[in-house]
Every structure is written in C-alpha cells, then in structure tokens.
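S.K.: The following block contains the structure, expressed as structure tokens.
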Amino acid sequence: IFQRRPKLAYFDNAATTQKPESVILAMDEYYRKDNANIHRGVYALAERATEKYEAVREQVKKFLGAEHTEEIIFTSGSTAGINLVARSFTEAFLKAGDEILLTEAEHHSNIVPWQEAGKQKRLKIKYLSVNKNGSLDLSNLSSLITSRTKIIAITAASNVTGEIVDLKKIIAVARKLGAKVLVDAAQAVGHFPLNVQKLDCDFLVFSAHKMFAPTGLGVLYGKRELLEKMPPFMTGGNMIESVTKNRTTFAASPAKFEAGTPPIAEVIGLGAAIDFIKQTGYRAVKNRGRDLCKYGIKKLKTVPCLRILGPATPQNRLPIFSFSITGIHPHDIATLLDREKIAVRAGHHCAQILHNKFGLPATVRASLCFYNTREEIDRLVTALLKIKKLFDDR
C-alpha cells in the first residue's frame, strides 16, 4: 500500500494495521492452491486445508505461551471473544448479586457485553477509575475487588491514551480473592509480546487485523478447565458430537466454540503475520514504538493549545496520541489532515466513558506503528500548525 501511496502517512493503526505482502500472498495461495472446507473431508485437498488451519492454532498457542492447543479459539475478533466469555462464563459460573469489575478506560466492546450479560443475571458492574492524566487509578483496587467479584475485564493498553496497564499487579490482587481475569489485548498485541501463563490471566482476546493480519478474525485464549465447563456461545455445524431429534451433545473445545465454516484464509493469513512479527522481532518493534512515542510527545507539545490525553511521558505507553486543539473541532482537523495525505481518526474511539471523564465529546487520534517514521510525525506537526493558523486567522 505504501508503494502505491508513497505520500501517505498512515496514523490509524489502532483501528487497523496495514498488511505485509507475505500475509496477502499466503491468503492468495490458499485460494489458488488449497481452497477446500476444513475438518471432516477425507479427500486430499480438504486434508491439506485442515492441516494449514490447525497448524496456525499451534502457532498461536506458542505465540501466546499457552499450555494447551485446545485453549486457542478462533473468533471473528476481540468483540466476538469478549461476547463469548461474557455470555458463556456468566451462564456457567455467576449468579445474581455477583460483581464484574471493568475500568473507565475500556473500549465499548469490553463494556457493553458485560452490561448485557449483567441484565440477564442481575449482576453488579463496578469500575476502576482513571486519574487526571488518564492513567488507571489502582489506589483503591483492593477495596473494589471483593469476594463477590467473579471476573475482571481489563485492557492491556488503552486505545485512547496508549497507557500500558500494570496487568500483573491487578491479576495478583484478583488471585487472592479468587476472581478471574479477562485481558483485552487488541491494542497490545501489535506492539509487545504477551505470555498468558506468565500473566496467569484466565482469558485473553485479540483481533488479528491490529497485528498485520486480516480483518474478520480474532483469537480467544481461555484456560482449559474453564472452557470445559462453559456452554457454547453459538451452535450449529462443526461444534457437535452427536445430534438426535431430542438431544445434542457438544464437541470439546475448541470445536465447541467454533460453529460453522471458519475464516480459513484469514487464519492462514494470521499465521503469516505471526511469522512476519517473528522475522521483524518484537524487540525491534518495541524499540521503534518507544522512539516514536518519545518523539511524538515532544513534537506535539510544540503545537499551541494542543492537549494530549494520557501519560505525559513516553514510559509505559504506546505511540497512540489522542488530542484536542482548543477551538477546532476534531473532525475539521482530521479532514484537513487528509488533504495533506495524513490519515488520522476523529471521534470518541468507542470510549465514551473515558472521553466524558475528560469533558470532551471527541478527540483526534494519531496511532503509530513500527513502520511509521519521525519524518511523518514532523509532517503531522507542520500540518497541525498550518491548521491552527488557518483557524486563528478566521
């Protein structure tokens, strides 16, 4: 895409990343050479497609440091994974009066499913607050997590402030009181490695398209002993053991949670994306991210009347910059930046609770990735100064 659009400064990576050629070629090769539905087919083409699909499950297991392959479930994205856990986990383990702990920094996809599940079982939802700079306030964590808290659902990194959350501290407190933890790793997975066994989280979700893989695909990791007790979220073909006129028995995980024909080509593309990350090296990705974060904060601070949400320093944050400029609507800024071939996003970024906390209806978000450059940040700042002058002269 950058060869075809050499002037493009793509700063919308928190929404979706661009795809390496290796990912596109892997999907193309499947459709050209190996296209067949997976599982159950006994002919060579179906067996080859099945082998490729299941090989990626093993890849993801290693990528996340999971203990068992059956703990890896393919979904349509982070949203689907959270909905699955919100419905199936609450149905299996929660009762009226139990509590769910969220945070004010969550994406809507990690709030609304819990609200809906809570309605069904009359559950209580509590929130960890954020402080003035947008960081999670963990000072009252121990008092918020009680014996009634059954699950904590929390982002690994904010899609608005870029803050990297101290998951280990939260999980350690949760363990003392027996609460389970779901990690929303949608933003984190493209920037730094996550090991589910070291974290000791119970569930983790991510979307493939935010880590250089295709859209319409995600991963849910769940501890085997929990998945075994959870009912399926969606029923249909491929997830059954037997069906009679009066009764159905379900297959074991992961098949139990993968009803219907899965996104086969997309899963193969995810495998290629994992290979791409390995070849690039997470250390190189993290170091580039830190540099862009430090440089971006420094340069954006030179724009008069610009307010960056989130931590004021580059430590423990991703190169995600949500900002406002006094007197200029975020959508005007984004439209004018587009004329300079700079792609940013404007809005509440599916985080209205957090924006309400800041007293802002919307912000501009420039979210960077390792393939962005300092020169592109310079272009952004130059364009913002130009926009500021344009509105000042009106």
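The values are calculated or read from the model by the stated rules, or taken from the named source; none is laboratory data. Since we're looking at a predicted model, the values are computed, not measured. Virtual Cβ from ideal backbone geometry, glycine too; neighbours counted across all protein chains shown. The accessibility values were calculated without ligands, DNA or RNA, using every heavy atom of the protein model including side chains. Shrake-Rupley method; radii C 1.70, N 1.55, O 1.52, S 1.80 Å.
S.K.: Need the list of aspartates and glutamates near Lys126 for cross-linking: C-alpha distance under 20 angstrom, and skip anything on the same chain fewer than eight residues off.
M.R.: Glu91, Asp98, Glu99, Glu104, Glu106, Glu116, Asp137, Asp166, Asp184, Asp202
S.K.: How many percent of the accessible area of the stretch 243-282 is carbon or sulfur, using a 1.4 Å probe?
M.R.: C and S fraction of accessible area: 52 percent.
S.K.: Express the carbon and sulfur contribution to the solvent-accessible surface of the stretch 97-220 as a percent, rounded to the nearest whole number, probe 1.4 angstrom.
M.R.: After summing per-atom areas, the C and S share lands at 49 percent.
S.K.: In the set (1) 94, 67, 46; (2) 75, 55, 35; (3) 63, 63, 46, which value of Cα extents along the principal axes in Å was calculated from the structure you see?
M.R.: (2)
S.K.: In the stretch 94-184, which trypsin sites (Lys or Arg not before Pro) fall in coil by DSSP and have 13 or fewer other Cβ atoms within 10 Å?
M.R.: Lys95, Arg122, Lys132
S.K.: Could you tell me the relative contact order of the stretch 244-366? Use alpha-carbon pairs under 8 Å, at least six residues apart, and round to a whole percent.
M.R.: 18 percent
S.K.: What pairs from Lys210/Lys294; Lys61/Lys95; Lys180/Lys229 go past 20 Å between their alpha carbons?
M.R.: Lys210/Lys294; Lys61/Lys95
S.K.: While we're on this one: Please work out whether the stretch 242-394 counts as rounded, prolate or oblate from its C-alpha gyration tensor, where a ≥ b ≥ c are the square roots of the eigenvalues and a/c under 1.5 means rounded, while otherwise a/b larger than b/c means prolate and anything else oblate?
M.R.: Note, shape of the stretch 242-394 comes out prolate.
S.K.: Would you tally the net charge around Leu385, using a Cβ to Cβ cut-off of less than 12 Å, leaving Leu385 out, and scoring K and R as +1, D and E as -1?
M.R.: Value of the local net charge: +2.
S.K.: Still on this model: Take every DSSP beta bridge with both residues inside the chain and express the antiparallel ones as a percent of the total, to the nearest 5.
M.R.: 60 percent
S.K.: Restricting attention to the stretch 76-145, which chymotrypsin sites (Phe, Trp or Tyr not before Pro) occupy a DSSP loop and are surrounded by at most 15 other Cβ atoms within 10 Å?
M.R.: For chymotrypsin sites (Phe, Trp or Tyr not before Pro) across the stretch 76-145 that sit outside H, G, I, E and B with at most 15 neighbouring Cβ atoms in 10 Å, the list is empty.
S.K.: Same structure, new question: Enter the accessible area per residue of the chain (Å², integer; probe 1.4 Å; all protein chains in place).
M.R.: 45 Å²
S.K.: Here's something else I'd like to know. Going through the stretch 88-176, which GluC sites (Glu not before Pro) have at most 14 other Cβ atoms within 10 Å and a DSSP loop state?
M.R.: Taking the stretch 88-176 and a limit of 14 other Cβ atoms within 10 Å, no loop GluC sites (Glu not before Pro) are found.
S.K.: Using alpha-carbon pairs under 8 Å, 6+ residues apart, how would you state the relative contact order of the stretch 177-291 in percent?
M.R.: 23 percent
S.K.: I would also like to ask the following. Give a residue-ordered list of calculated ³J(HN,Hα) values for the stretch 315-328 (Karplus: 6.51 cos²θ - 1.76 cosθ + 1.60, θ = phi - 60°; whole Hz; x for Gly, Pro).
M.R.: Per residue, the Karplus-derived 3J(HN,Hα) values read 5, 6, 8, 8, x, 10, 10, 9, 8, 10, 10, 3, x, 10 Hz.
S.K.: Averaging sequence separations of C-alpha pairs under 8 Å and six or more residues apart, then dividing by the length of the chain, give the relative contact order as a whole percent.
M.R.: Computed over the chain, the figure is 22 percent.
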